[in-house]
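I have placed the structure first, in the form of structure tokens, so that the comments after it can refer back to it.
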Amino acid sequence: MQNNIKKPRLFAMLAAGLVAALSLSAHAAPKEHFNVCWTIYAGWMPWEYAGTQGIVDKWAKKYGITINVTQINDYVESINQYTAGQFDGCSMTNMDALTIPAAGGVDSTALIVSDFSNGNDGIVIKGEGKKVSDLKGMKVNLVELSVSHYLLARALDSVDLTEKDLKVVNTSDADISAAFNTDDSKAVTTWNPMLSDIKAKPGVTEVFDSSKIPGEIMDMMVVNTQTLKDNPALGKALTGAWFEVVALMNSKSAASTAALEHMAKASGTDLAGFQSQLDTTKLFATPKEALDFATSAQLPQTMRKVAEFSFQHGLLGEGAKDTSAIGMSFANGVTSGDKNNLKLRFDPSYVQMAAEGKL
């Protein structure tokens with residue numbers, strides 16, 4: 001597993017993804033066996049539970065298919081593998097869905113927008129009483145070109161600074177906590193569980209977090225659009241399994257406590273630590289909540305902001321002339337960007353089935 005994902009590697013994978021997309025579109029057809037992947041993050045631990053506790057198997061069997069649920073240790077690597085066609089679905093953020101598979105030519109669908117970060121991503125500086133403006137002149141460790149980078153840009157906007165006022169140091173999520181322990185690192189931007197570990201260190205200040213930009217950093221299960229189109233059973237099974245686990249988590253019962261304890265342990269923390277991460281995650285408790293968010297007017301507006309950041313950082317592909325290079329589609333027939341190059345689709349129809357009890 002390669003930990004330091006550099007920009008050229010990302011674009012190499014984008015090219016591989018384009019080839020994969022072309023071959024997939026040529027051969028896509030109904031099938032029975034599927035593979036999805038996820039990485040450790042509070043908002044994605046329900047996938048671990050659904051996979052290991054037989055819930056995905058139960059829903060897959062209902063629709064006559066099988067689904068393997070695989071954990072990948074490195075987040076960006078998981079998306080690269082999805083982009084290259086090794087997985088039919090993958091957990092990722094809204095920005096990464098746009099800038100890796102969609103920008104690489106892989107037509108992808110946000111099947112479930114499951115939550116948004118509401119403090120789960122943050123910027124921490126060594127020293128007490130620090131503020132965002134203190135980032136000026138600093139090196140900041142983060143996963144370059146990820147939502148951490150986006151969060152940093154939004155924070156800098158709030159104090160009239162730009163990225164030119166500091167130095168971004170590309171650091172994988174697997175290495176970020178260790179990097180902050182060195183004398184060379186003065187500031188990091190990261191997400192939980194690494195953020196919780198770093199914030200717990202003495203003499204540090206969290207100067208900005210995602211609760212300041214609610215609804216902008218979304219967590220999603222993204223699936224290959226052609227695969228989903230040819231195999232609606234995949235969408236139904238994944239959606240059914242997801243909301244079964246979320247309902248269990250919110251049931252305030254002995255079973256829900258046991259499920260949360262399981263997820264906590266699987267993510268490397270205890271129940272209190274996991275609960276604190278869930279507290280900064282706006283996890284949609286019901287299909288109706290998820291549906292309301294996915295059909296809101298805010299979603300297309302947010303994705304336009306994300307496309308703007310992505311274009312400014314060269315993430316929409318080498319041929320991108322402006323922020324509209326990649327087309328996106330949303331509920332109610334709304335589109336944004338190039339309608340002839342629709343590569344990211346927010347399709348809440350499966351969540352709507354769940355909300356209507358039709359799964």
Cα-centred dipole magnitude for the range 52-192, charges only on beta-carbon of K, R (+1) and D, E (-1), debye, nearest 20: 220
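What order, most packed first, do the peptides 174-185, 230-241 have when packing is the mean number of other Cβ atoms within 10 Å of each residue?
On the way: 174-185: 15.0, 230-241: 22.2.
Descending mean neighbour count gives 230-241, 174-185.
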Below 8 Å, C-alpha to C-alpha, sequence gap of six or more: please give me the relative contact order for the chain in percent. 24
Once you put a point 7 Å from the Cα of residue 334 and another 7 Å from the Cα of residue 73, both along the Cβ direction, what distance in nm separates them? 4.1
Filtered hits (lysines, Cα-Cα < 17 Å from residue 229, offset >= 8 within chain) -> 31, 343
Carbon-plus-sulfur fraction of the accessible area of the range 121-212, 1.4 Å probe, in percent? 47
For residue 139, give me every one of the lysines with a C-alpha distance below 16 angstrom, ignoring sequence neighbours fewer than eight places off in its own chain. 126, 130, 131, 164, 167, 186
Give the span of the range 121-212's Cα atoms along each principal axis, as three whole-Å numbers ordered largest to smallest. 29, 28, 26
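Can you give the accessible area per residue of the range 121-212, in Å², using a 1.4 Å probe?
That works out to 42 Å² for each residue.
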Whole-Å distance linking the alpha carbon centroid of the range 191-250 with that of the range 272-346 is 13
Would you please put 309-317, 156-164, 351-359, 189-197 in order of how densely packed they are, using the mean number of other Cβ atoms within 10 angstrom per residue and starting with the highest? 189-197, 309-317, 351-359, 156-164
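Give me the dipole magnitude in Debye, nearest 20, for the chain about the Cα centre, with unit charges on the beta carbon: positive for Lys and Arg, negative for Asp and Glu. Walk me through the intermediate numbers first.
Values: 32 positive and 39 negative charges, 71 e Å.
Dipole magnitude for the chain comes out near 340 debye.
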Dipole check, the chain, charges on Cβ (K,R +1; D,E -1), about Cα centroid: among 280, 235, 145 the Cα furthest to the positive pole belongs to 235
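Full extension from residue 136 to residue 199: what is 0.36 nm times the residue separation minus their Cα-Cα distance, to one decimal in nm? Working shown, then result.
Details: separation 63, 0.36 × 63 = 22.68 nm, distance 2.03 nm.
Taking 0.36 nm per residue and subtracting the Cα distance, the gain is 20.6 nm.
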So for each of 204-216, 86-98, 53-65 I average, over its residues, the number of other beta carbons within 10 Å; can you give me the resulting order with the highest mean first? 86-98, 204-216, 53-65
Suppose R0 equals 30 Å. What FRET efficiency, 1/(1 + (r/R0)^6) with r the Cβ-Cβ distance, do residue 256 and residue 62 give to the nearest 0.05? 0.85
Hey, can you grab everything whose amide H is under 5 Å from the amide H of residue 118? Only 5+ residues off in sequence or another chain; H modelled, so Pro and N-termini drop out. 281, 282
Which log10 I(q)/I(0) values does the range 230-312 give at q = 0.12, 0.21 Å⁻¹ under the Debye formula, counting every alpha carbon as one identical point scatterer? -0.54, -1.04
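The values are calculated or read from the model by the stated rules, or taken from the named source; none is laboratory data. As the structure is a computational prediction, the values presented were derived from the model and not from experiment. Heads up, the Cβs are rebuilt from the backbone with ideal geometry, glycines too, and the neighbour counts pull from every protein chain shown. Surface accessibility is based on the protein's heavy atoms, side chains included, excluding ligands, DNA and RNA. Shrake-Rupley method; radii C 1.70, N 1.55, O 1.52, S 1.80 Å.
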